[in-house]
1. Please enumerate the residues belonging to the range 37-47 that are in a loop (DSSP other than H, G, I, E, B) and either of a type in the set (Phe, Trp, Tyr) or surrounded by 13 or more Cβ atoms within 10 Å (Cβ to Cβ) (or both).
2. In the set SER219, SER205, which member is surrounded by fewer than 18 Cβ atoms within 10 Å (Cβ to Cβ), in contact (Cβ under 8 Å) with a residue 24 or more places away in the chain and out of contact with any Gly (no Cβ under 8 Å at 6 or more places or on another chain)?
3. Return yes when ASN274 is outside the structural domain of THR78 (by TED's automatic domain parsing), modelled with pLDDT under 90 and either polar (S, T, N, Q) or more than 20 Å from the chain's Cα centre (by Cα) (or both) and no when it is not.
4. In the range 48-90, which residue that is charged (D, E, K, R) and within 16 Å of VAL112 (Cβ to Cβ) is surrounded by the fewest Cβ atoms within 10 Å (Cβ to Cβ)?
5. Tally up the residues in the range 1-38 that are among the acidic types (Asp, Glu) and touching a helix residue (DSSP H, G or I) at 6+ places or on another chain (Cβ under 9 Å), please.
6. Tell me which residues, restricted to the range 16-31, are aromatic (Phe, Trp, Tyr) and part of a helix (DSSP H, G or I).
7. For the range 136-146, which positions are surrounded by fewer than 22 Cβ atoms within 10 Å (Cβ to Cβ) and of a type outside the set (S, T, N, Q)?
Amino acid sequence: EPFRCAAIKITQKNTDNYDEIRMCKELFIMRVIGLAGGHPNIVQLFEATEDSENVYIIMECLKGGDLFGQLAEQRYYTEEVAADKIRGVIDALAFCHRLNIAHRDVKPENIVYERKEEGTLKLVDFGVAFYSEEPDAVTKTITGTPHYIAPEVLLCSEYIGAEADVWSIGVLTYILLSGEPPFDHEDLRTLVRKIKYEPVTFEGSAWVAVSEPAKHFISRMLDKDPASRMTMMEALSHPWLSDRINLNKKDLLMNVQDNIRAFQRRLYWRKGINAVMARNRMLNGITLEAAARESKDDSSAEVRSDDAHVEQEGGRLSRPRTWKSAQSESPRKAFREAMN
């Protein structure tokens, strides 16, 4: 058998961010995909094992970077190229949905190239995926990435994971053809309201040369009513993907690549700001705790912090004892506040 490159993910068990149940669910879903024969557009799990300290996950090694990273640098980018890219991802999700698996976090970062030289696109990270033995089983878990979350998820209602995946693909396709998300705002509360209540539009110079079948394809995916959306199988047979004659093959998407770069920079900037704010809050928590220890009357001093407890070791910050809470509960709280 020829040599194959593999990536090994090592997860420590004795840390507060180790979630055994979530890891077991992810591995189970990957096993189900493997037993069904796998898919060329889904990352392959080779093996998983553990010892007393770590869990070792051995999987296919992907070296090409994520979808938008390579797309922004592509020289020749047309609507036809965009359709070719999204087709493989939709086929992978259609395969998952036939197995009653919903990914629930479809976004550019979870669509990765096999290699740098325009390799195959692979769907990765099934950490929040949902599986049920019953087709069309519903869930109420709020999960995903803000720009790509379906409105029914944000409405805190029961939803079918496969339908939410369709919405995410609709958002992704919209960005591939315009370079901008269909709903966007700096403020999370406003962004959530836009996703829940505003209709999708095709305004701006980027849409002038995009074909009508492409716009119809996106509209069918970004239907606020999940029951009216296309399924992934229906998307594969839509004229925009099935009939290449309908595609605009002109080299017209140069501005789209510029828009994607700008969108990426804005997201990275937001992440940087959030990281600095989180670090400042943790440092502030240490200062407050130090002040409490130095207080002469501890019984009368009430020191509170909204963040998890942070310890200082050797001049460096260690992870908070409730790191899982710090990572998951705060975003969830922000989403629930935005929904009220």
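The values are calculated or read from the model by the stated rules, or taken from the named source; none is laboratory data. These numbers come from a predicted model, not from an experiment. When we count neighbours, we look across all protein chains shown, and the Cβ atoms used for this are built from the backbone with ideal geometry, even at glycine.
1. Within the range 37-47, GLY38, HIS39, PRO40, ASN41, VAL43, GLN44 meet the criteria.
2. SER205
3. yes
4. GLU73
5. Number of matching residues: 2.
6. Within the range 16-31, just PHE28 meets the criteria.
7. Within the range 136-146, ASP136, ALA137, VAL138, LYS140, ILE142, PRO146 meet the criteria.
For every residue, the table says whether it meets (1) closer than 20 Å to GLU152 by Cβ; (2) assigned to a helix (DSSP H, G or I); (3) over 19 Å from the mean Cα position of the chain (by Cα).
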site	(1), (2), (3)
ARG193	yes, yes, yes
VAL200	yes, no, yes
LYS215	no, yes, yes
ILE218	yes, yes, no
MET230	yes, no, yes
GLU234	yes, yes, yes
LEU241	no, yes, yes
